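None of the figures in this text is laboratory data; all of them are computed from the coordinates on show. Since this is a predicted model, take the numbers as computed values, not measurements. Using ideal geometry, Cβ is built from the backbone for each residue, glycine included, and neighbour counts are taken over all protein chains shown.
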Amino acid sequence: MRAEKTILTKEYLGRLNASPFFIVLNYQGLKVAAITELRRRLQKAGAEMHVVKNSIFRLAVKEAGVADLGATLTGQLAVVTGPRDISAAAKVVKTFAAEFDKPKMRFGYLNHQRLEEPDLKALADLPSLEVLRGNLLGALQAPATKLAVLLNTPATQLARVLQARVDKGPAA
């Protein structure tokens with residue numbers, strides 16, 4: 001293998017190892033300005049997109065131990081990777097594709113498990129990680145709040161009865 005190919009393979013491998021996921025997109029027909037806009041949006045979501053050479057990416061994926069992608073890497077492809085949330089990246093791509101009718105999500109991998117286009121779209125429809133964490137925290141706190149209210153209710157009622165007795169004055 002030529003030195004340039006070895007360098008590119010190592011670069012792709014480094015991106016794959018640094019990311020728990022990757023999404024493969026077909027960007028055919030997308031203009032440079034649109035690609036730049038997509039990259040900007042992905043960057044805000046904590047992800048990045050790189051145009052890849054299929055044969056070299058196939059070698060990098062194989063070295064990363066993901067899977068043998070074989071003939072699935074055809075056409076003009078770009079790969080989205082990121083260190084955090086696949087849902088946020090998929091949401092950006094889905095929204096962008098709705099606006100521009102391109103790119104098309106082909107498939108992806110999350111922790112070495114293959115995701116097809118419908119799976120990626122389902123991930124894109126999920127709320128953000130922060131919203132899910134907030135919902136979980138609210139669900140965990142609700143029983144504790146109800147318990148505190150229940151424990152305080154008898155004491156509060158007793159205090160009201162005693163206060164009413166004091167307000168009424170001495171018994172005749």
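Working only within the stretch 1-33, note down all residues that are surrounded by 16 or more Cβ atoms within 10 Å (Cβ to Cβ) and not in a loop (DSSP other than H, G, I, E, B).
Within the stretch 1-33, L8, T9, Y12, L13, R15, L16, F21, F22, I23, V24, L25, N26 meet the criteria.
Sort through T74, T81 and tell me the only one that's under 20 Å from A18 (Cβ atoms) and not in a helix (DSSP H, G or I).
T81
In the stretch 97-112, which residues are part of a helix (DSSP H, G or I) and touching a residue at least 60 places away in the same chain (Cβ under 8 Å)?
Scanning the stretch 97-112 gives a single hit, F100.
Select, from L136, L132, the only residue that is more than 24 Å from Q28 (Cβ to Cβ), touching a Leu at 6+ places or on another chain (Cβ under 8 Å) and surrounded by 10 or more Cβ atoms within 10 Å (Cβ to Cβ).
L132
Of all the residues that make up the stretch 38-65, how many are part of a helix (DSSP H, G or I) and more than 12 Å from V93 (Cβ to Cβ)?
Final tally of qualifying residues: 14.
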